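For reference, the structure is listed below as structure tokens.
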Amino acid sequence: MMKIRNHMRLSDKTLNLLKNFCTINQSILFRKGNKLRTISVMKNILAEAEIPEDLPKDFGVYELNKFLTLMSLCQTPEIDFANSGHLLIKDGNRTSKFFFADPNVIVTPPEKEIEFPAADVSFDLSTSDLETLLKAAGVIDAPDLSAIGDGSVIKLVVRDKKNPTSNDFSIVAGETDKTFTCNFKVENIKILPGNYKVTISSKLLSLFSSTKQNLKYYIALEPDSTFE
């Protein structure tokens, strides 16, 4: 019989993922195993990733930011999962008790894996272009990010699509023989820096995937997106 490991340290990779997931949903239900998944309260962003650790049990954390802050108070925190209703964060002479949350109060992703529909648009997005677009959106107060195909190239544009005289900033992301406008809210692009393969379906769903990071974000498009 395999012995359950009730003590472990979380890697920097896992902690960075959790900090990012906290921007999507302040609560999370950890599942036994090596996969983290979260979904926004509005259910328009779903993220999932593989982590180096193998978690020994299911448990809910209602205020993930407080859990991460407690972890940051220790230099080399170790988590003790031996208790049924709470975990202990230990580091030398420091110990913090953190109680589990009822899973029923946490908005959780569906247990069934997402089957992504047929792709209508795809392009590569570098970490440099991603960071530049988000910085530009902040500079010009642009609430929208659009992937626009004009039958020749794909442009990623940050803008206010409701205001035809608003400032904008664009980057050419690839080539296309299709015509489309895929609209996102900038506030929904809550993804870690990295190089992504972006796949978009006319079913108003997109997938930002990073093979290197074993990381996926499913982000809903805005209803006014168009595909010709």
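Given that compact globular proteins tend to follow 2.2 N^0.38 Å, what is the ratio of the alpha-carbon Rg of the range 78-228 to that value?
1.35
So how do 180-186, 29-35 stack up, highest first, on mean other-Cβ count within 10 Å?
In descending order of packing, they fall as 180-186, 29-35.
If all Cα-Cα distances of the range 122-175 are sorted into 5 Å bins from 0 onward, what percent lands in each bin, rounded to whole numbers?
Taking all Cα pairs of the range 122-175, the binned fractions are 4, 22, 29, 24, 15, 5 percent.
Considering only protein heavy atoms and a probe of 1.4 Å, how much of the accessible area of the range 41-99 is carbon and sulfur, as a whole percent? Don't skip to the answer; put the middle values down first.
Values: 1570 of 3200 Å².
After summing per-atom areas, the C and S share lands at 49 percent.
For the chain, what does the helix formula give at 222 nm: sum of -39500 (n - 2.57) over DSSP H segments with n ≥ 4, over the residue count, nearest 500 deg cm²/dmol? Walk me through the numbers before you get to the answer.
On the way: 3 runs with 35 residues, N = 228.
My calculation for the chain gives -4500 deg cm²/dmol from helical runs alone.
Quick one: accessible area per residue over the range 20-82, 1.4 Å probe, rounded to a whole number of Å²?
44
Thr211 to Ser11: extension gain in nm, 0.36 nm per residue of separation minus the Cα-Cα distance? Intermediate results must be reported in sequence, preceding the final value.
Values: separation 200, 0.36 × 200 = 72.00 nm, distance 1.87 nm.
Here the segment from Thr211 to Ser11 would lengthen by 70.1 nm.
Counting only heavy atoms of protein chains, what accessible area per residue, in Å², does the range 94-228 have with a probe of 1.4 Å?
55
Run the 1.4 Å probe and let me know the accessible area of Asp224, rounded to the nearest 10 Å².
Approximately 80 Å² of Asp224 is accessible to the 1.4 Å probe.
The values are calculated or read from the model by the stated rules, or taken from the named source; none is laboratory data. Everything numeric here is computed off the predicted structure, so don't read it as measured data. Here Cβ is always computed from backbone atoms with ideal geometry, including for glycine, and neighbour counts include all displayed protein chains. Accessible surface areas use protein heavy atoms only, side chains included; no ligands, DNA or RNA. Shrake-Rupley method; radii C 1.70, N 1.55, O 1.52, S 1.80 Å.
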